[in-house]
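Reviewing the structure listed below.
The values are calculated or read from the model by the stated rules, or taken from the named source; none is laboratory data. Quick caveat, the model's predicted, so the values are computed rather than measured. Neighbour counts run over all protein chains shown; Cβ positions are idealised from the backbone, glycine included.
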C-alpha cells in the first residue's frame, strides 16, 4: 500500500480501530496539530510511548467531535480510531512529529465462527463481573472486528498492542480467549487487595484481647 506522512501523537495509550479516545489538548505542538487537521477532517496517528521511543505500529484517528474550545487554544475532544499503520520513517520538520507510514488491514476477509465470537463475548462478560473498566462507549457486539471492541476493557497496554498487530479477526479472538481467563483472575486479585487495603490511617481502633 502507498505510504504518506501522518501527524503522530505519542501517548501512553493503545488506540484500537472503531473505538473512541477522549483527549485534552494542551501542549502547543498538539494545538498546532489539531488546528492543521480538524478543518480538513484529516487523520493523525496515535502511537504507544515505549521506553525512550515509540512503537512502530499504531492506529490512525479522526476527530469525531470537539467538546470544548478554550480561549488559550486548548481543546477537549473525542477521537475515533480508524485504520492501523506501520511507521517506516520519522519526520521532524514541523512542530509536531510526523511519520511516513504504511496502512494495513487484515490480510483477507474471513468468516469468523459464531461460536468463537460467543466464547469471546462470554469471557469479556466474566471480566466485567470482576471490574468495571472506564469505557467511553459500550462495545458494539455486532461489529465485524469484535476483538477491538472487547479489548477496550484491557488496561494492559502490551496486550492491547499485541492485539493491534494481528491481521486476522479469528487470531485476535483466539488471543483474547487465551489471555482473558488469567487476566480476569489477576484483576480480581487486584480488586480484592484494594478492598482489603488499609484505609489511609483512618481505620477504627480495634482492641485486641487475650485469648
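What do you reckon, is residue 109 surrounded by fewer than 14 Cβ atoms within 10 Å (Cβ to Cβ) and either closer than 28 Å to residue 186 by Cα or outside the structural domain of residue 43 (by TED's automatic domain parsing) (or both)?
Criteria met by residue 109.
List every residue pair whose Cβ atoms sit under 8 Å apart, with the two residues 6 or more apart in sequence or on different chains, where the first one lies in segment 26-46 and is in the same structural domain as residue 91 (by TED's automatic domain parsing) and the second, anywhere, is buried (at least 18 other Cβ atoms within 10 Å of the Cβ) and at pLDDT below 95.
Sorted first by the residue in segment 26-46, then by its partner, the list stays empty.
Residue check, residue 127 against (1) within 22 Å of residue 50 (Cβ to Cβ); (2) in the same structural domain as residue 182 (by TED's automatic domain parsing); (3) surrounded by 17 or more Cβ atoms within 10 Å (Cβ to Cβ), all met but one. Which one?
Against the list (1) within 22 Å of residue 50 (Cβ to Cβ); (2) in the same structural domain as residue 182 (by TED's automatic domain parsing); (3) surrounded by 17 or more Cβ atoms within 10 Å (Cβ to Cβ), residue 127 comes up short only on (1).
Based on this model, can you work out whether residue 5 counts as touching a strand residue (DSSP E or B) at 6+ places or on another chain (Cβ under 6 Å), at negative phi and either part of a strand (DSSP E or B) or surrounded by 22 or more Cβ atoms within 10 Å (Cβ to Cβ) (or both)?
For residue 5, the condition - touching a strand residue (DSSP E or B) at 6+ places or on another chain (Cβ under 6 Å), at negative phi and either part of a strand (DSSP E or B) or surrounded by 22 or more Cβ atoms within 10 Å (Cβ to Cβ) (or both) - is met.
Scan 178, 151 and give me the residue that is touching a residue at least 40 places away in the same chain (Cβ under 8 Å) and not assigned by TED's automatic domain parsing to the domain that holds residue 20.
One residue alone meets the criteria, 151.
How about segment 150-163: which of its residues are over 11 Å from residue 176 (Cα atoms) and not in a helix (DSSP H, G or I)?
155, 156, listed by residue number.
Is it the case, given these coordinates, that residue 97 is under 22 Å from the mean Cα position of the chain (by Cα) and surrounded by 12 or more Cβ atoms within 10 Å (Cβ to Cβ)?
Answer is yes for this residue.
Among the numbered criteria (1) assigned to a strand (DSSP E or B); (2) under 26 Å from residue 172 (Cα atoms), which single criterion is violated by residue 17?
Exception for residue 17: condition (1).
Please enumerate the residues belonging to segment 169-198 that are assigned to a helix (DSSP H, G or I) and over 22 Å from residue 121 (Cα atoms).
Listed by number, the residues that qualify are 190, 192, 193, 194, 195, 196.
Quick check on segment 136-158: of everything there that is more than 10 Å from the chain's Cα centre (by Cα) and more than 18 Å from residue 82 (Cβ to Cβ), which residue is surrounded by the most Cβ atoms within 10 Å (Cβ to Cβ)?
Per the criteria, the residue is 150.
In segment 171-187, which residues are surrounded by fewer than 22 Cβ atoms within 10 Å (Cβ to Cβ) and closer than 20 Å to residue 103 by Cα?
Result: 171, single match.
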